[in-house]
Amino acid sequence: MFDNLSGRLSDAARQLSGRGRLTETNIKDTLRQVRLALLEADVALPVVKGFIDRIRDRALGEEVGKSLTPGQALVKIIHAELVRILGSESAPLDFRAQPPVVILMAGLQGSGKTTTAAKLAKRLIDVEKKKVMLVSVDVHRPAAILQLQTLAAEVGAVHCRSDATERPTAIVDRALDEARRSHVDVLIVDTAGRLHIDEKMMQEVIEVHNAARPHDTLFVVDSMAGQDAVNSATAFNQSLPLTGVVLTKTDGDAKGGVALSVREVTGKPIRFMGVGEKVDALEAFHPDRMASRILGMGDVLTLVEEIEQKVSKEQTEKLAKKLKKGRGFDLGDLRDQLEQMLNMGGLASMLEKLPLPGNVNPAALQDSANEAKIRRQIAIINSMTPSERRFPKTINGSRKKRIAGGAGQQIQDVNRLLKQHMQMEKMMKKVSKGGMKKFMRGMPGGGLPPGMR
């Protein structure tokens, strides 16, 4: 997300190198480039105009500090305005209400409401430690009801049954009653959508809203919908008392203009963003962190939070103790590291959140660090005997042939994995002996794990 915008904004700021201060003359062309970058990213025209005007007003005549170049000073101003337009502060859900706290999901068909309802349920169960119930009132699509039932079982939420023959308001009344009797903390209501805004749909969702009396009404919007997303956000905001926005499919959106437009148009905070298809691929939205990500500064805080939530502390401590005692980094350890990388969304996902040099493109690593490749590597290790994992040097030609056949791979794939393990084993020895500085110096390709360049 924001790949194109990040590059264009960085290029625009670099045009000011060598200037003594920011003036109307030397920022005119730069602001023109920023305007074009925003428009190409599908940011709504009124939002672009206000954004550029505010940057110009703040930048004109501003003295450049001794520690800043004019380009850095402009980036600082752009960052502050991006934070403002994205909402200034994060807006977590508030559960200080009589349970069950009702959350209503609204939006167009295809925006990802049902999947997002399940993702939100999982997040509330895992992070907030809440007991969650899911219910669908989409009586127009029986498949949606079945989908939510399946997802509820997958994420560990309670499911309230519903039927296409029932009235949506009757389903809500029964769900509220069941939630109270089951001592549920949060009830998430998945509403019906249409392919476009129409009066019948809006009337139905208003009736459901009145029956549910939700604590939060979240508008779910497809981040790849462009200007259509802005139009639908405006229509829903006029009909419902929205309390927040959820952006979906952000992993497939290289532009990111919807994130900048919807917040400004509706005035409602962006609460969450969907970053993948898995049920745990939902991130809390932090305006300051997102502004840093847009400007290529990374998002280390979110990465740290993901590591705390998804990486096994027990496994990490076990490996650290093992290395400290001088025992080698074997193929079983490599498999553990690959599995934890999968939980984090792969190497490319992690690199998106790190401040990388301008010549390193995280997206370019997707092919070499994608999920399919990692799974193939894990399959090769699983095809080995425990003894072979512990003592890789015993793997000769005939063993390689057997391992490759068992994993459905080629012998060359086994060779590449063994070479990757050998290089990582050397690095792990440096970590145990001399710390992270030696580890980073030993990494080929400027700090990337071997085999992932």
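Each Lys and Arg adds +1 at its Cβ and each Asp and Glu adds -1 at its Cβ; summed about the Cα centre, the range 101-295 shows a dipole of about 360 debye.
A simple count of charges around Arg84, restricted to other residues whose Cβ falls under 12 Å of its Cβ and scoring Lys, Arg +1 and Asp, Glu -1, yields -1.
When DSSP beta bridges are restricted to pairs lying wholly in the range 151-296, around 25% turn out antiparallel. Taking Lys and Arg as +1 and Asp and Glu as -1, the other residues whose beta-carbon sits under 13 Å from that of Arg263 total 0.
Ordered by the number of other Cβ atoms lying within 10 Å of each residue's own Cβ, fewest first, Val158, Val43 fall into the sequence Val158, Val43. 3J(HN,Hα) couplings calculated from phi for the range 73-87 with the Karplus curve 6.51 cos²θ - 1.76 cosθ + 1.60 (θ = phi - 60°) are, in sequence order, 5, 5, 4, 4, 5, 4, 4, 4, 6, 5, 4, 5, 6, 8, x Hz; Gly and Pro show x.
With K and R counted +1 and D and E -1, the other residues having a Cβ less than 10 Å from that of Val155 yield a net charge of 0. Using 17 Å as the cut-off for backbone N distance, which residues of the range 396-423 belong to the label zone defined by a point 7 Å from the Cα of Gln340 along Cα→Cβ? Zone members listed by number: 421. Compute the FRET efficiency between Asn210 and Asp29 as 1/(1 + (r/R0)^6), taking r as their Cβ-Cβ distance and R0 = 60 Å, and round to the nearest 0.05. Here the calculated transfer efficiency is 0.70. Sorting 260-268, 163-171, 237-245 by their mean Cβ neighbour count within 10 Å, with the most densely packed peptide first, gives 260-268, 237-245, 163-171.
Rule-based calculations on the coordinates, nothing more; no lab input. Predicted, not measured: the structure shown is a model, and the values here were computed from it. A quick note on method: Cβ atoms are made from the backbone with ideal geometry, for glycine too, and the neighbour counts reach across all protein chains shown.
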